[in-house]
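Data block below; observations after.
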Amino acid sequence: MRAVLTAAALAATFALAACGQASDASGSGGGASVAEVAPSGPELSGVGVIAALDGRTLSIDHEGVEGGQPAGRQEFRAYATVLAEGPVEPGARVSFKYQAAEPLPVLTELTAR
């Protein structure tokens, strides 16, 4: 009987601990980062000028993208391979391709224009 009570107490403890971890992973906890969602949907193309680079986040002042964003400044996430192959200096004119993702669209290609 004692083993059953110990097992039940452990199960309840693990269940409560898992509840706390799930709320932190959702971004509602203090300082927890939001998990990225893999890019999906069609690959869209645009042209613009790099405004800023902060880590893997690239800001681009771009013309309107057919089927995508209207003209304006947009932040994109970029994989290291895309950043290594493309021009990333502010002021560089670029053509780019991206796919929708959360929390930011993801650049799949970046080339000098």
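Computed values, structure above
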{"quantity": "Checking residue 65 against (1) among the aliphatic types (A, V, I, L, M); (2) within 19 Å of the chain's Cα centre (by Cα); (3) within 18 Å of residue 41 (Cα to Cα), the condition it does not meet", "calculated": "(2)"}
{"quantity": "Odd one out for residue 75 among (1) under 17 Å from residue 37 (Cβ atoms); (2) of a type in the set (Asp, Glu); (3) outside any strand (DSSP E or B)", "calculated": "(3)"}
{"quantity": "Filtered residue count, the stretch 83-102, keeping only those that are in contact with a Leu (Cβ under 9 Å, 6 or more places away or on another chain) and closer than 17 Å to residue 40 by Cβ", "calculated": "4"}
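Each reported figure results from applying straightforward, stated rules to the coordinates on display, with no laboratory input. Being a predicted model, the structure only gives us computed values, none of them experimental. Note that we place each Cβ from the backbone using ideal geometry, even for glycine, and neighbour counts take in every protein chain shown.
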